[in-house]
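K.L.:
This is the structure I want to talk about, given as structure tokens.
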């Protein structure tokens, strides 16, 4: 309330003087991981330290407020009357804040590192409402998160246009899920001897307004809006129904399907119950279902994750750790998780023939998988040279355009029968 009151006063003063002010929206990166791993007491200590550093980084006339959780707002006043100069002043202060927040924290005897994502917007007089200013700064902060965190970004009108476009897209996606407009394509997973052992289910959205959309175009929106939960449920249902159909055909009954599971989906309390119910409802063989987890799952509440994996594994469901080497894996947790295989991320496979670092990483992942008794599959295998290198390293399965692109189900079945 005090922040909003100060903001209204600052806008009035800006109208009279003609100078600019700025609003900085600050969100601590991965704060939830600290709370979950070290407890809320440590989280509270961090918030107090952040507040102290924020107030020490701004002038007496500026305002620092905490909106809630790990979100803070800084209001800067009496900047330049020139927009470009005011933006530069706000950027200098914002970078000072970011640098201050990046310094290590001593929290009750232990050291913690924390970065911040900052969104900024300028104001002059009453050209923009208070609510709109808050939305602009918030939107800029989210764009900062999307572009890699630990930086500052300014709001611009293009952001607002994109946000409105996202709102429209969310309505369309919600309708598409309800009306079952989405489809699955299947990309072959091939064993070392050339046999097609299964596939990865890859989502496609034939949007009437925008044409066929790939997951990268709408999954981030689904994650932000919460639509990832009904979307993930639909994918599981469709994949299991397909497994049941293949089970009735002797020439396709050996095929498995790998399904990507989002972190949010897996953290749902009843996720394991849901998977088992879908398997029972469709009649799919649990031994033919492979769930692909991302490394980001290993950040939060790992014990609950291990319990869910173990329960599903006991029912026959297989598990892969997707995009291995790109995220947060702890070898301790990797040892405890009852996985079946690791998946080498395409970012390492792409340059495995030209980049010695990628080659070393690929070999190390294969060796680690072997030492843990796990299988290893490489994705993004697009050339014979890549396949041969990985085969010599000990990789036992492959996925990529060298073998097949993602195909509609009828084309995939035809590909399997030809192979």
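The values are calculated or read from the model by the stated rules, or taken from the named source; none is laboratory data. Predicted, not measured: the structure shown is a model, and the values here were computed from it. Note that each Cβ is placed from the backbone with ideal geometry, even for glycine, and that neighbours are counted across all protein chains shown.
K.L.:
Sort out which residues of region 51-73 are within 14 Å of residue 96 (Cβ to Cβ) and out of contact with any helix residue (DSSP H, G or I) (no Cβ under 6 Å at 6 or more places or on another chain), and write them in order of number.
P.N.:
Just the residues of region 51-73 that are within 14 Å of residue 96 (Cβ to Cβ), to begin with: 53-59, 62, 64.
Scanning region 51-73 gives 54, 55, 56, 58, 59, 62.
K.L.:
Sticking with this one: Name every residue in region 191-218 that is in contact with a helix residue (DSSP H, G or I) (Cβ under 7 Å, 6 or more places away or on another chain), closer than 22 Å to residue 171 by Cβ and surrounded by 14 or more Cβ atoms within 10 Å (Cβ to Cβ), in order of residue number.
P.N.:
Residues satisfying the conditions are 203, 205, 207, 218.
K.L.:
Turning to a different aspect of this structure: Take the residues in region 25-46 that are more than 24 Å from the chain's Cα centre (by Cα) and modelled with pLDDT of 90 or more; name whichever of them is nearest to residue 91 (Cα to Cα).
P.N.:
Out of the qualifying residues, it is 46.
K.L.:
Considering only residues that are within 27 Å of the chain's Cα centre (by Cα) and part of a helix (DSSP H, G or I), look in region 368-385 and name the one that is farthest from residue 320 (Cα to Cα).
P.N.:
Quick first cut of region 368-385, residues within 27 Å of the chain's Cα centre (by Cα) only: 368-369, 372, 374-382.
Next cut, part of a helix (DSSP H, G or I) only: 368-369.
Working: 368: 14, 369: 11 Å.
Of everything passing the filter in region 368-385, 368 is farthest from residue 320 (Cα to Cα).
For every residue, the table says whether it meets (1) under 23 Å from the mean Cα position of the chain (by Cα); (2) over 19 Å from residue 305 (Cβ atoms).
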residue: 203; (1), (2): yes, yes
residue: 212; (1), (2): yes, yes
residue: 232; (1), (2): yes, no
residue: 246; (1), (2): no, yes
residue: 255; (1), (2): no, yes
residue: 273; (1), (2): no, no
residue: 282; (1), (2): no, yes
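K.L.:
Kindly evaluate residue 79 against the criterion of being modelled with pLDDT of 90 or more, more than 15 Å from residue 153 (Cα to Cα) and under 26 Å from the mean Cα position of the chain (by Cα). Explain how you work it out, then say what you get.
P.N.:
Working: modelled with pLDDT of 90 or more: yes; more than 15 Å from residue 153 (Cα to Cα): yes; under 26 Å from the mean Cα position of the chain (by Cα): no.
Criteria not met by residue 79.
The rows are residues; the columns are (1) surrounded by fewer than 21 Cβ atoms within 10 Å (Cβ to Cβ); (2) in contact with a helix residue (DSSP H, G or I) (Cβ under 8 Å, 6 or more places away or on another chain); (3) modelled with pLDDT of 95 or more; (4) assigned to a helix (DSSP H, G or I).
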residue	(1), (2), (3), (4)
252	yes, yes, yes, no
268	yes, yes, no, no
273	yes, no, yes, yes
278	yes, yes, yes, yes
291	no, yes, yes, no
296	yes, yes, no, yes
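K.L.:
Filter region 82-124 down to the residues that are more than 26 Å from the chain's Cα centre (by Cα), under 20 Å from residue 33 (Cα atoms) and exposed (fewer than 14 other Cβ atoms within 10 Å of the Cβ) and list them by number.
P.N.:
106, 108, 109, 110, 111, listed by residue number.
K.L.:
Picking from 348, 389, 319, which residue would you name as being in a strand (DSSP E or B) and either closer than 24 Å to residue 257 by Cα or without any contact (Cβ under 8 Å) to a residue 40 or more places away in the chain (or both)? Walk me through it before giving the result.
P.N.:
Numbers: 348 fails: in a strand (DSSP E or B); 389 fails: in a strand (DSSP E or B).
Selected residue: 319, the only one of 348, 389, 319 that is in a strand (DSSP E or B) and either closer than 24 Å to residue 257 by Cα or without any contact (Cβ under 8 Å) to a residue 40 or more places away in the chain (or both).
K.L.:
Residue 107 - would you say it is in contact (Cβ under 8 Å) with a residue 60 or more places away in the chain and in contact with a strand residue (DSSP E or B) (Cβ under 8 Å, 6 or more places away or on another chain)? Before you say what the answer is, go through the steps one by one.
P.N.:
Details: in contact (Cβ under 8 Å) with a residue 60 or more places away in the chain: yes; in contact with a strand residue (DSSP E or B) (Cβ under 8 Å, 6 or more places away or on another chain): no.
Against the criterion (in contact (Cβ under 8 Å) with a residue 60 or more places away in the chain and in contact with a strand residue (DSSP E or B) (Cβ under 8 Å, 6 or more places away or on another chain)), residue 107 does not qualify.
K.L.:
Based on this model, can you work out whether residue 127 counts as within 24 Å of residue 37 (Cβ to Cβ), without any contact (Cβ under 8 Å) to a residue 40 or more places away in the chain, more than 28 Å from the chain's Cα centre (by Cα) and surrounded by fewer than 21 Cβ atoms within 10 Å (Cβ to Cβ)?
P.N.:
no
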